[in-house]
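So the structure is just underneath, and the comments pick up after that.
The values are calculated or read from the model by the stated rules, or taken from the named source; none is laboratory data. Everything quoted here is computed from the prediction, not taken from an experiment. Every residue, glycine as well, gets a Cβ built from its backbone with ideal geometry; the counts of neighbours run over all protein chains shown. Calculation scope for accessible area: heavy atoms of the full protein, side chains included, ligands and nucleic acids excluded. Shrake-Rupley method; radii C 1.70, N 1.55, O 1.52, S 1.80 Å.
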Amino acid sequence: MDGLEERWAPAWQDAGTYAFDRSAQRADVYSIDTPPPTVSGSLHVGHVFSYTHTDVVARFQRMRGKSVFYPMGWDDNGLPTERRVQNYYGVRCDPSLPYDPSFTPPEKAPKNDRDFVQVSRRTFVELCDRLTAEDEQVFESLWRRLGLSVDWSHTYSTISESSRATAQRAFLRNLARGEAYSQQAPTLWDTTFRTAVAQAELEDRETEGAYHRIGFTPTAGGEPVFIETTRPVLLPACVALVAHPDDERYRPLFGQTVRTPLFGVEVPVVAHPLADPEKGSGIAMICTFGDTTDVTWWRELQLPNRTVIGRDGRLLRETPQWLADGPGAELYASIAGATVFSAQKAVVEALQASGDMVGEPKRITHPVKFYEKGDRPLEIVSTRQWYLRNGGRDVELRSALLERGAELAWHPEHMKHRYDHWVSGLNGDWLISRQRFFGVPFPVWYRLDADGEPVHDDPIVPDEASLPVDPAAEPAPGFSEDQRGVPGGFAADPDVMDTWATSSLTPLLVSGWERDPDLFSRVYPMDLRPQGQDIIRTWLFSTVVRAHLEFGGLPWSRTALSGWILDPDRKKMSKSKGNVVTPLALLEEHGSDAVRYWAASSRLGTDATFDTGQMKIGRRLAMKLLNASKFVLGLGVERGDAADPAAVTEAVDASVLADLADVVRQATEAFERYDHATALDVTERFFWTFCDDWVELVKDRAYGVRGEGPAASARATAAIALRTLLRLFAPFLPYAAEEVWSWWQDGSVHRASWPAVEDLGPVDEGARGVLAAAGQVLTVLRKVKSEAKVSQKTPLSAATVSGPAAVVAAAARAEADLLATSRAASITWREVAVAGGEQAPALSAQAEIAPAG
RNA sequence: GGGCGAUUAGCUCAGUGGUAGAGCACCUCGUUCACACCGAGGGGGUCACUGGUUCGAACCCAGUAUCGCCCA
């Protein structure tokens, strides 16, 4: 069985076994919106798991006669690639540098990123292209080895020219319809990556902090008002104090003003229901901007914007105007340009020295928002960003998107809850711009006014026919390059789109939207979106949004969600825990069929344990399929599909085919409801009975011990059963099934038709149960020998089998085969009567070991 | 704090109203005759807990506990 991958993977490629037939009509096509793996990462065992689930479905649909459109894609766009390229080559992008065509990256990347080489944007993009191309080769060879039945001629990547064109085209249409807009607004900002991030990329992390109790003096005089804050560093950005409108303690203060300690800025005391009387002292300072609640207060209470934290996560270097003439100007000058961390320290020390802070800081842990890929808390800075409407600020759109979710078929069904909760909880539109370099540029330029300031509310856009465009490299339509950046001229939008803004278009990228209308008409909307459950809120939702906005419909009719892979301690497998096994090593050690067996044994949506034991079982199953097939074919089974069901005359043979008919029915029904694990389970269960009981029973007869008729019955049964079994196993064990198929059938098993009950001939209902009963007799006779501690090949003298009438009668119909298999001289059948209501006795046997000789 | 899911043999998991299952691991036996990457046989479980519905509950309902994930 070793070596099957090397033989068959290239053979399938050469024969075009998995080629999509693009002459097929939509109704005969099954199209799959494959998740494009991030090539900047590495494939891990979780990918193998979920991609196997998809492949099993693809193979089933193909055998059912569908023309399967199953492309692969690579997500090579965006920040993850930038990070990998930076670390791999030891470079950092500085867009202000000129392009140097002779640049070669350092031999070895420096350890510390401070020593990274600064390169131009064009060089940086070239390095991104180079590394992703190499990575994609590695990924493809792994997928081929795993046996994914992908049509590689349709492979796409999210940074390719046509993907950039598609992303820009879709954006321009969103813009034209008013679904995309840009806005200067407080934005969640990662200071490490210096980019805005979207709501979907946030995560809360429990973080150490401390409450600082700080007094504000009323302007009108009186006792100081104490607030408790975890971020005293924002004191210079304070614009108001806020308490709950019903809070009796602070009611007298509403409408009055207080002075901020240290800085002496006069700010109002205001009321807002979001202020929590239970939290801290019940009154809080509003700063621009400490958290998203500050943003809400700032917006709803129409407060001024006094930002002090810059995009680099440091305090603004220039002393802000509202502090310049106050008592805190000197203090501010001492913290200008400092990091938030050290500035906070300085402010606290100053507060303690001045006596404005009461007591020691009270240590707490509280949830703080982080970018999921970042390791510093997010700041909120006011910037101009592009947004796409996603229902976060629009009840009507939101309910339309919930309705789309309801139209989608979910496997498993309960995953829909995650979609509903996410959509219902959105609190803003989708922020799609990123201040990065390797991504799809916004296809937008701005006119510059007489002062050289961009006019944002009237962007210049290109003609769709000219896409993709790079506004940083091409002049705006109607302008020449020498007008770039000069008053009265133009400027490019500096941003790129977030990765999700492109990957939300995968059904369009791959289907040839506006590029290949013929293909598009045959595959879109697609049939299946397989993906991980972790990206329902991002990939699945954003794809639904884009399709809804562009076409007013779903991009696919159903989605299949795979679960996690857990390590043996029931934790999610992750690199940081050092428990990730490389997929290639896994495939080499156990064989592709074995690893696929492990993956396919798990149902959709169910987390699975990484379990090499399960792979060993899969390997044993594949091996057994090869060995049993070799033996069965050695009985003289004819090549091809000529076996005649009419030759099946023995009851035990008719019985095994009747059982197999049930298996075909159950496996087909399971596949139809996307329950591949049950399809595998019923097939495997039958196969072991087939080998252990049926094959053992008919060995002697097939060799002709009882003459030609009974032998022909065994051979025909073997041929029919094996042809059926190989096709049932083909989606799961494509290598072993193909290998055996090639021994005696024409073409590929993966192009053969899925078995139908009718292929098995008329089911002989009267023979039902004969094999099961005979199997029970085999077991009890084997037990006699096992307990006597003799070989199973030891002959028995006269045996007596007792049991319920029905079982005994059924087994007796296979007496000749039973005698041969058990080496018994004779069997006496004894029916045990069962009184009404009594439990039927188990089958039992008595027999003497025949004397040696 | 809210939501979703899980909890069955030492391990990994099936089992959705009618006598508790499979594989692995373990114990015993058996190898020229498809398969030692094997075959046969065997031992092993208060189905997390507490109530309820029912003639009958691993399964349905309510609650509790523990674990995982998502959201706030």
Take A:VAL523 and decide whether it is open to solvent by less than 10 Å² (accessible area, probe 1.4 Å) and in contact with a helix residue (DSSP H, G or I) (Cβ under 6 Å, 6 or more places away or on another chain). yes
Within the bounds of segment A:621-633, is there any residue that is in contact (Cβ under 8 Å) with a residue 24 or more places away in the chain, of a type in the set (Ser, Thr, Tyr) and within 15 Å of RNA strand B (Cβ to nearest atom)? yes
For segment A:394-413, does any single residue satisfy the condition of being open to solvent by 30 Å² or more (accessible area, probe 1.4 Å), in contact with a Gly (Cβ under 7 Å, 6 or more places away or on another chain) and at pLDDT below 90? no
With A:GLU739, A:GLU696, A:GLU684, A:GLU708 as the choices, which residue is out of contact with any helix residue (DSSP H, G or I) (no Cβ under 9 Å at 6 or more places or on another chain) and surrounded by fewer than 24 Cβ atoms within 10 Å (Cβ to Cβ)? A:GLU708
From the option list A:LEU127, A:LEU148, A:LEU131, single residue qualifying as buried (at least 21 other Cβ atoms within 10 Å of the Cβ), modelled with pLDDT under 95, outside any strand (DSSP E or B) and touching a helix residue (DSSP H, G or I) at 6+ places or on another chain (Cβ under 7 Å) is A:LEU127
Strands (runs of 3 or more DSSP E) wholly inside segment A:205-273 containing at least 1 residues that are farther than 23 Å from A:ASP325 by Cβ and not small (Gly, Ala, Ser): A:225-229, A:238-243, A:266-271
With the structure loaded, tell me whether A:GLY489 is more than 16 Å from RNA strand B (Cβ to nearest atom) and on the phi > 0 side of the Ramachandran plot or whether it fails that test. no
Residue list for segment A:755-785, restricted to those being under 34 Å from the mean Cα position of the chain (by Cα) and either part of a helix (DSSP H, G or I) or buried (at least 22 other Cβ atoms within 10 Å of the Cβ) (or both): A:PRO755
Of all residues in segment A:637-657, which are open to solvent by less than 70 Å² (accessible area, probe 1.4 Å), of a type in the set (D, E, K, R) and within 12 Å of A:ALA721 (Cα to Cα)? A:ASP653
Output for Cβ contacts, cut-off 7 Å, separation at least six or different chains, first residue in a loop (DSSP other than H, G, I, E, B) in segment A:534-558, second open to solvent by 20 Å² or more (accessible area, probe 1.4 Å), reads A:GLY553/A:PRO525; A:LEU554/A:ARG404; A:LEU554/A:GLU407; A:LEU554/A:PRO525; A:PRO555/A:PRO525
Could you give me the residue pairs with C-beta distances under 8 Å whose first residue belongs to segment A:311-326 and is basic (Lys, Arg), whose second residue is at pLDDT below 90 and open to solvent by 50 Å² or more (accessible area, probe 1.4 Å) wherever it lies, and which are 6+ apart or on separate chains? A:ARG311/A:ARG194
Give the residue that is farthest from A:PRO320 (Cα to Cα), with candidates limited to residues of segment A:284-293 that are crowded, with 23+ Cβ neighbours inside 10 Å and not polar (S, T, N, Q). A:ALA284
Between A:ARG384, A:ARG376, which is in contact with a His (Cβ under 9 Å, 6 or more places away or on another chain) and within 30 Å of A:THR502 (Cα to Cα)? A:ARG384
Evaluate segment A:63-80: report whether one residue or more is among the hydroxyl-bearing types (Ser, Thr, Tyr) and in contact with a helix residue (DSSP H, G or I) (Cβ under 8 Å, 6 or more places away or on another chain). yes
Subset of segment A:595-614 (residues that are in a helix (DSSP H, G or I) and within 6 Å of RNA strand B (Cβ to nearest atom)): A:GLY613, A:GLN614
Confirm whether A:LEU697 is among the aliphatic types (A, V, I, L, M), modelled with pLDDT of 95 or more and either under 29 Å from the mean Cα position of the chain (by Cα) or at negative phi (or both). no
Criterion violated by A:GLU739 - all others in (1) away from RNA strand B (no atom under 13 Å from the Cβ); (2) over 48 Å from the mean Cα position of the chain (by Cα); (3) not β-branched (Val, Ile, Thr) satisfied: (2)
Inspect all residues belonging to segment A:179-193 and state whether any of them is charged (D, E, K, R), modelled with pLDDT of 95 or more and open to solvent by 10 Å² or more (accessible area, probe 1.4 Å). yes
Just checking, does segment A:452-466 include any residue being without any contact (Cβ under 8 Å) to a residue 12 or more places away in the chain, within 16 Å of RNA strand B (Cβ to nearest atom), assigned to a loop (DSSP other than H, G, I, E, B) and of a type outside the set (Ser, Thr, Tyr)? no
Scan segment A:422-443 and report the pairs whose first residue is closer than 24 Å to A:GLY391 by Cβ and open to solvent by less than 20 Å² (accessible area, probe 1.4 Å) and whose second residue is outside any strand (DSSP E or B) and among the acidic types (Asp, Glu), with Cβ atoms within less than 6 Å and a gap of 6+ or a chain change. A:ILE432/A:ASP498; A:SER433/A:ASP495; A:ARG434/A:ASP498; A:PHE442/A:ASP493; A:PHE442/A:ASP495
Candidates A:ARG363, A:ARG299, A:ARG311, filtered to the one that is open to solvent by 40 Å² or more (accessible area, probe 1.4 Å) and in a loop (DSSP other than H, G, I, E, B): A:ARG311
Search segment A:314-345 for residues being of a type in the set (D, E, K, R) and in a loop (DSSP other than H, G, I, E, B), and hand back the single one that is farthest from the chain's Cα centre (by Cα). A:ASP325
Only one of A:GLU228, A:GLU278, A:GLU203 is more than 16 Å from RNA strand B (Cβ to nearest atom) and closer than 27 Å to A:ARG363 by Cα; which? A:GLU228
Does A:LEU626 count as more than 29 Å from the chain's Cα centre (by Cα), at pLDDT 90 or above, open to solvent by less than 40 Å² (accessible area, probe 1.4 Å) and among the hydrophobic types (A, V, I, L, M, F, W, C)? yes
Can you tell which of A:VAL358, A:VAL381, A:VAL348, A:VAL368 is surrounded by 14 or more Cβ atoms within 10 Å (Cβ to Cβ), among the β-branched types (Val, Ile, Thr), part of a helix (DSSP H, G or I) and in contact (Cβ under 8 Å) with a residue 60 or more places away in the chain? A:VAL348
Find the residue count for segment A:804-814, including only residues that are buried (at least 17 other Cβ atoms within 10 Å of the Cβ) and away from RNA strand B (no atom under 12 Å from the Cβ). 6
Cβ-Cβ under 8 Å pairs, at least 6 apart or on other chains, segment A:473-499 side open to solvent by less than 20 Å² (accessible area, probe 1.4 Å), far side of a type in the set (Phe, Trp, Tyr) and assigned to a loop (DSSP other than H, G, I, E, B): A:GLY489/A:PHE479; A:PHE490/A:PHE479; A:ASP493/A:PHE442; A:ASP495/A:PHE442; A:VAL496/A:PHE437; A:VAL496/A:PHE438; A:VAL496/A:PHE442; A:MET497/A:PHE442
